[in-house]
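The values are calculated or read from the model by the stated rules, or taken from the named source; none is laboratory data. Here the structure is a predicted model, which means the values were calculated and not measured. Counting neighbours? That spans all protein chains shown, and the Cβs are built from the backbone with ideal geometry, glycine included.
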Amino acid sequence: MIVPLSASASHSLQELVDSLPSITKAIMRRKVNPKIALLGHKIPKDDLKQVKQIYEKVEGRDKRVELNLYISGYDEDDETPGSAYEGGQPGQSPEESPAR
């Protein structure tokens, strides 16, 4: 009798098949334990609980705050004597330069 696989089991099986060449090589070189290669690394129960709590707290928030950082201007470290930075962009005065 053939039992159908769940979606997550199917995905896990696909990942295992995709990684067979590299896992086989690592096992042959004794860099990976076969048990860990097949079953994976287990997180201690208390640590797993804390990770789940963090995900529940973050995903339970209604509003997500996304911060973007935009930097304009010139980097002071890149300024060298006689560089193009001193006079702005070629053909424009420093006040008219779009980079300022």
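Can you tell me which residue among ILE36, ILE43, ILE23 is surrounded by 10 or more Cβ atoms within 10 Å (Cβ to Cβ), modelled with pLDDT of 85 or more, more than 30 Å from GLU95 (Cβ to Cβ) and out of contact with any His (no Cβ under 6 Å at 6 or more places or on another chain)?
ILE43
Regarding LEU69, is this residue out of contact with any Ser or Thr (no Cβ under 6 Å at 6 or more places or on another chain), modelled with pLDDT of 85 or more and under 30 Å from GLU95 (Cβ atoms)?
Criteria met by LEU69.
Is there a residue being polar (S, T, N, Q), out of contact with any Phe, Trp or Tyr (no Cβ under 8 Å at 6 or more places or on another chain), surrounded by 10 or more Cβ atoms within 10 Å (Cβ to Cβ) and modelled with pLDDT under 85 anywhere in region 3-13?
For region 3-13, residues polar (S, T, N, Q), out of contact with any Phe, Trp or Tyr (no Cβ under 8 Å at 6 or more places or on another chain), surrounded by 10 or more Cβ atoms within 10 Å (Cβ to Cβ) and modelled with pLDDT under 85: present.
Can you name the number of the only condition in (1) of a type outside the set (A, V, I, L, M); (2) in a helix (DSSP H, G or I); (3) over 30 Å from ASP18 (Cα atoms) that TYR55 fails?
That leaves (3) as the condition not met.
So which pairs qualify, if the first residue must be in region 10-33 and without any contact (Cβ under 8 Å) to a residue 60 or more places away in the chain, the second must be hydrophobic (A, V, I, L, M, F, W, C) and part of a loop (DSSP other than H, G, I, E, B), the Cβ gap must be under 6 Å, and the two must be at least 6 apart or on different chains?
From residues that are without any contact (Cβ under 8 Å) to a residue 60 or more places away in the chain, the pairs are ALA26/VAL32.
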